[in-house]
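Reviewing the structure listed below.
None of the figures in this text is laboratory data; all of them are computed from the coordinates on show. Source: prediction; values computed, not measured. We place every Cβ from the backbone using ideal geometry, glycine too, and count neighbours over all the protein chains shown.
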């Protein structure tokens, strides 16, 4: 069990968090702040399915770039089910040989569903969407609420004209840095590798010339959020077009909710109730 560094009532086992009632109040307050930004950006709230088709993800080069992160969904084969019905689970895991091929994956980012939902559409105007998802990434190690197998991601996404997407990201950067400054949580905005592009490919070279991802970093290495500009990658792959026929550009503001909780409790050393009051004061 990972030990928390604060009096907050949360824990994490094997990268899976448990959030108690007091810290859940903090969680809710953070979500309220994120949703206020979404409303200010005219983002429509949408809830998407909890699983993604592996075929859909493959069309976005996901498995080519990040097979090690994927957490897949399968089921016990029909011809193997009787064995488990008789004796239950023979060990701590289900034998891979008894599983059907995995046609679904648990999401590793909330925004994939936004772009897949818009596949083949022509937008009359740029569209802004906010969504939240429980996301999963198979990591080499887990660390409290800092690095988790299962975590919550809130995103505010813009799809459409390049100018609108860049304006959305600029406003997002200003809103988040301003709020964190008022809150008193020290962060550094750092360029980072965009997870939607192969870091060894031509798109990575383009990124070094013109960064497409920035992270809000607390301490040495805890990214509590990011701003991502995907150019027209998703527009091209999914045939999402602007009103004039050009492929749409996309960008998103993303938050890891558990990481915000970790950063706040680590830096201030206060109870969840005190942190809620601090956020409310900074939100006025």
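Structure notes:
- Gyration tensor (alpha-carbon) shape descriptor, the stretch 72-204, a/c threshold 1.5: prolate
- Order of 115, 62, 48, 84 under a 10 Å beta carbon neighbour criterion, fewest first: 84, 48, 62, 115
- Under a Gaussian network description of the chain, with springs only between Cα atoms under 10 Å, the residue in 247, 267, 168 that fluctuates furthest is 267.
- Across the chain, the mean sequence separation of Cα contacts (distance under 8 Å, 6 or more residues apart), normalised by length, yields a relative contact order of 23 percent.
- Most fluctuating residue given options 90, 186, 107, as computed from a GNM of the chain linking Cα atoms under 10 Å: 90
- Cα gyration tensor of the stretch 68-107 - equivalent ellipsoid semi-axes, whole Å, descending: 22, 12, 7
- Of all DSSP beta bridges in the chain, antiparallel share, percent nearest 5: 95
- Proxy reagent accessibility, fewest Cβ within 10 Å first, across 99, 253: 99, 253
- Radius ratio Rg over Rh of the chain, counting only Cα atoms, Kirkwood formula for Rh: 0.99
- Spatial separation of Cα centroids for the stretch 14-73 and the stretch 102-142, in angstrom: 8
- Counted residue by residue at 0.36 nm each, then reduced by the alpha carbon distance between them, the extension gain from residue 51 to residue 99 reaches 15.5 nm.
- Euclidean distance between Cα centres, the stretch 210-248 to the stretch 249-284, Å: 23
- Per-residue [θ]222 nm for the chain (sum of -39500 (n - 2.57) over DSSP H runs n ≥ 4, rounded to 500): -11000 deg cm²/dmol
- Order of 44, 153 under a 10 Å beta carbon neighbour criterion, fewest first: 44, 153
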